[in-house]
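Colleague: So that we are looking at the same thing, I have put the structure below in structure tokens.
The values are calculated or read from the model by the stated rules, or taken from the named source; none is laboratory data. A quick note: this is a predicted structure, and the numbers were derived from the prediction, not measured. When we count neighbours, we look across all protein chains shown, and the Cβ atoms used for this are built from the backbone with ideal geometry, even at glycine.
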């Protein structure tokens, strides 16, 4: 039996061996053995190594930013520095393969940030109002069109409104949002159960902003995109706790730029922000490691010293896994801090000067505002013009001191609700009246309309022009219809109707070119468009308020109450009760008192004058000790993450706070130019120190004649020193005439202009002053030598340029390229670069000429018409005032240039007040600056003072 079993097994194996199955079984067994061996080696022997290899690894190098350098004044007072903050970034590591998953992650991030009241940042220029309506945040039609073109991906605005209709320029904000939602797949974003989200308006804006900003990094996906800056510690913790569901999101330590005493220094220092796209290429030429995420100086010293202040970048090379988690840092290069910049500016002098300027402007306004409707006539001199109080009341609305949108809100006060009701009722009536005028078969010509109705129709014309519905370039200005419009002998209805057939009305806004429409149909659509345009036009509402105030429907009392209700004024229970009781007579003195106390500032009212500039210069070094532009602004709100609403308010502010009145405002210098004319006359030997010119009050050698400021009086015979003291127009016009006469007695205006230009150029008035911030180019007059010799013609100089000119007179010939920079130090305080203003040339004229001109300027202060202004000043100064008229319906421009001490000059002070009425006002500011500088008054005294009394001294110039 056993033998039989063995035979059976033997036969069986023989059959197996001869079978193909056996061969396959052997091969299979061998493979299983090999596989088992490999698995054992991988799991037991080399398990850790195998696990590391399993995880996908990416080498990633990121830049680390060095701290930005600080900015100090000349005495080491800190003006700009950094403090720790947190920034939210997103890096697209490719983890989310589906668009819906990616959008859901962004939505989770938005919800976390919203919970902590943090803002999403981005350049999608659409916002949502409290009613859920979308609107463009651009502040000009040109900016809106540029944004729309960018959204379409167009290179030029000319590509808008194409014939195919793919790129309409009149796309609404709602339509733009819908378009981007669809582009980014946000319109169909679903939750984990497949339900489509019901997104709020703000959700949509935030998500679009994230997607738009991420899209800018399409070809740099591993470069982080900044989404939100300066978030709270609580928001940071919340995000970090949700890291698992926010893959690619990180919270990085960052720095926040902070400015001390911001309003006083904003026009010098500027602010920082993200690199503008157009600026990046320029920066890359200086340093190749700049990126779009970098924070750089946007204006001021922050911009001009950008590469000095900007820290040196470091780098960190890491190994990250396939979801962006850091596995290992393999190398790191430390970043280094930027250098510190020290300015020539004296902090306390800057603050004192700013406050003195504001106090003087407030004093002028308090003296000029009167409780009358029509205080001026056609013959009122520009120096003596007055301001109707209703114009001042209106500016509370016109210059956005009061928020008129709050008048219609649920929590509005009773006064605010009443103001809104008055607007609503009046506007309904006005829209009916406008419609009647536009549709009447016998419309009233513009010249025959009441003042308010004419203003409303002119507003419509201007609005249609801004929106390019009226195409100015297509108008034949010689045509009968245009001349009739210009002369107010036609109606707006006829002007617009004729414009349809004449081609200066863009009919494509209402009808497609491919469809024929009658002129009547197009005009009907145009009228409908106008009505809809005016319904939600905030600027038109302001115009309505203007006439409500003029017609006593809205009163100053109500507006003063609204100032309290909106927190513009700190609550004063007694005053509020007086106003609330209906005491209309109380409103005017109350309002003037608030102006005098500078609780309502000249900048807020934006009346004449509301701005000024003042410069204090070291005449022996060319260093600028103070450079004030009033009004300033809070650059903290523009740095880092820009407060867009605040920036837009600054753009709309009629006092122009973003415009530097010391370096950009250019005006004719008036009589402050006369010392140069005197120097030219003396050096060209057309006058001498003892020659006299008899002033009769009028210079009639030329036509038109030039009147002296003293006319119908006269100065009689004047020598050069006395002429400077008297600021005699006749003397200097005659000097200009003599400069235009050659040795043969031939008159040539070109010769006179050439000689005046020669000496103005010698004093640096042909080019910028040298300061390291924005400055406009000066212009030396090239017309009318007699007018130019008294500072008129087409001379145009900024305050800072007059500062260099008078400093050159003070130091007798050294023309400095002025500077705001003292030195640059590294983070350890070691001086890296010492700045010394350069002098490229010297004015070489005779000592007698210097003596005569300087003595004349000294006598302006000691013996001239300005002497009473300076009686309480305990130091001798030399100076020259100037008044320039630009408009007969506005105040004159006021100037003052000076230096002190007269015996041994140290500083020069120059002041300009656009529409400042009289040079007396500029001279008073100058005097008070000297008082502070030479310790006659203290900074505490200035800071605790209110509006300055306006001098009744009239300076002749």
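Colleague: Just to be sure I understand the filter: pairs with C-beta atoms under 7 Å, separated by 6 or more residues or on different chains, first member in segment 825-842 and assigned by TED's automatic domain parsing to the domain that holds residue 766, second member loosely packed, with under 14 Cβ neighbours inside 10 Å. Which pairs pass?
Modeller: Once the first residue is assigned by TED's automatic domain parsing to the domain that holds residue 766 and sits in segment 825-842, its partners that are loosely packed, with under 14 Cβ neighbours inside 10 Å give 825/831; 825/832; 826/832.
Colleague: Something else now. Would you say residue 805 is surrounded by 24 or more Cβ atoms within 10 Å (Cβ to Cβ) and within 30 Å of the chain's Cα centre (by Cα)?
Modeller: yes
Colleague: Does residue 130 qualify as being surrounded by fewer than 18 Cβ atoms within 10 Å (Cβ to Cβ) and more than 25 Å from residue 201 (Cα to Cα)?
Modeller: Spelling it out, it is not the case that residue 130 is surrounded by fewer than 18 Cβ atoms within 10 Å (Cβ to Cβ) and more than 25 Å from residue 201 (Cα to Cα).
Colleague: Being touching a residue at least 40 places away in the same chain (Cβ under 8 Å) and over 29 Å from the mean Cα position of the chain (by Cα): is that true of residue 305 here?
Modeller: No; evaluated as a whole, the condition is false for this residue.
Colleague: Inside segment 307-398, counting only strands (runs of 3 or more DSSP E) that do not spill past its ends, which hold 1 or more residues that are within 30 Å of residue 940 (Cβ to Cβ)? Please lay out each step first, then the result.
Modeller: Numbers: elements: 314-320, 326-333, 340-343.
Result: 340-343.
Colleague: Is it fair to say residue 770 is in a loop (DSSP other than H, G, I, E, B), modelled with pLDDT of 95 or more and more than 17 Å from residue 735 (Cβ to Cβ)? I'd like the intermediate steps shown before the answer.
Modeller: Values: in a loop (DSSP other than H, G, I, E, B): yes; modelled with pLDDT of 95 or more: yes; more than 17 Å from residue 735 (Cβ to Cβ): yes.
Spelling it out, residue 770 is indeed in a loop (DSSP other than H, G, I, E, B), modelled with pLDDT of 95 or more and more than 17 Å from residue 735 (Cβ to Cβ).
Colleague: Does residue 614 qualify as being in contact (Cβ under 8 Å) with a residue 12 or more places away in the chain and crowded, with 19+ Cβ neighbours inside 10 Å?
Modeller: yes
Colleague: Would you call residue 215 in contact (Cβ under 8 Å) with a residue 40 or more places away in the chain and loosely packed, with under 14 Cβ neighbours inside 10 Å?
Modeller: Spelling it out, it is not the case that residue 215 is in contact (Cβ under 8 Å) with a residue 40 or more places away in the chain and loosely packed, with under 14 Cβ neighbours inside 10 Å.
Colleague: Only residues that are at pLDDT below 95, within 22 Å of residue 530 (Cα to Cα) and surrounded by fewer than 12 Cβ atoms within 10 Å (Cβ to Cβ): list them for segment 405-435, please.
Modeller: Those that are at pLDDT below 95, within 22 Å of residue 530 (Cα to Cα) and surrounded by fewer than 12 Cβ atoms within 10 Å (Cβ to Cβ): none in segment 405-435.
Colleague: OK, next. Would it be correct to say that residue 352 is surrounded by 15 or more Cβ atoms within 10 Å (Cβ to Cβ) and modelled with pLDDT of 95 or more?
Modeller: Yes.
Colleague: For segment 913-928, indicate whether the set of residues that are assigned to a strand (DSSP E or B) and either free of Cβ contacts under 8 Å to residues at least 60 places away in the same chain or closer than 22 Å to residue 807 by Cα (or both) is non-empty.
Modeller: yes
Colleague: Residue pairs, Cβ under 9 Å, 6 or more apart or interchain, first in segment 145-161 and more than 17 Å from residue 123 (Cα to Cα), second assigned to a helix (DSSP H, G or I) and at pLDDT below 85. List them.
Modeller: Between residues of segment 145-161 that are more than 17 Å from residue 123 (Cα to Cα) and residues that are assigned to a helix (DSSP H, G or I) and at pLDDT below 85, the close pairs are 157/142; 161/508.
Colleague: Sticking with this structure for a sec: Tally time: how many residues in segment 124-144 are farther than 18 Å from residue 467 by Cα and either touching a residue at least 60 places away in the same chain (Cβ under 8 Å) or more than 24 Å from the chain's Cα centre (by Cα) (or both)?
Modeller: Number of matching residues: 9.
Colleague: How about segment 734-749: which of its residues are under 23 Å from residue 845 (Cα atoms), out of contact with any helix residue (DSSP H, G or I) (no Cβ under 6 Å at 6 or more places or on another chain) and either modelled with pLDDT of 95 or more or not assigned by TED's automatic domain parsing to the domain that holds residue 696 (or both)?
Modeller: Passing the criteria: 734, 738, 741.
Colleague: May I pose another question? Look at residue 731 and say whether it is touching a helix residue (DSSP H, G or I) at 6+ places or on another chain (Cβ under 9 Å), under 21 Å from residue 886 (Cβ atoms), assigned by TED's automatic domain parsing to the domain that holds residue 860 and free of Cβ contacts under 8 Å to residues at least 40 places away in the same chain.
Modeller: Numbers: touching a helix residue (DSSP H, G or I) at 6+ places or on another chain (Cβ under 9 Å): yes; under 21 Å from residue 886 (Cβ atoms): no; assigned by TED's automatic domain parsing to the domain that holds residue 860: yes; free of Cβ contacts under 8 Å to residues at least 40 places away in the same chain: yes.
Spelling it out, it is not the case that residue 731 is touching a helix residue (DSSP H, G or I) at 6+ places or on another chain (Cβ under 9 Å), under 21 Å from residue 886 (Cβ atoms), assigned by TED's automatic domain parsing to the domain that holds residue 860 and free of Cβ contacts under 8 Å to residues at least 40 places away in the same chain.
Colleague: Taking segment 630-686 as the search range and keeping residues that are part of a helix (DSSP H, G or I) and without any contact (Cβ under 8 Å) to a residue 24 or more places away in the chain, which one is surrounded by the fewest Cβ atoms within 10 Å (Cβ to Cβ)?
Modeller: Of everything passing the filter in segment 630-686, 645 is surrounded by the fewest Cβ atoms within 10 Å (Cβ to Cβ).
Colleague: Which residue out of 442, 508 is out of contact with any helix residue (DSSP H, G or I) (no Cβ under 9 Å at 6 or more places or on another chain), more than 25 Å from residue 550 (Cβ to Cβ) and part of a helix (DSSP H, G or I)?
Modeller: None of the others qualify; the one that does is 508.
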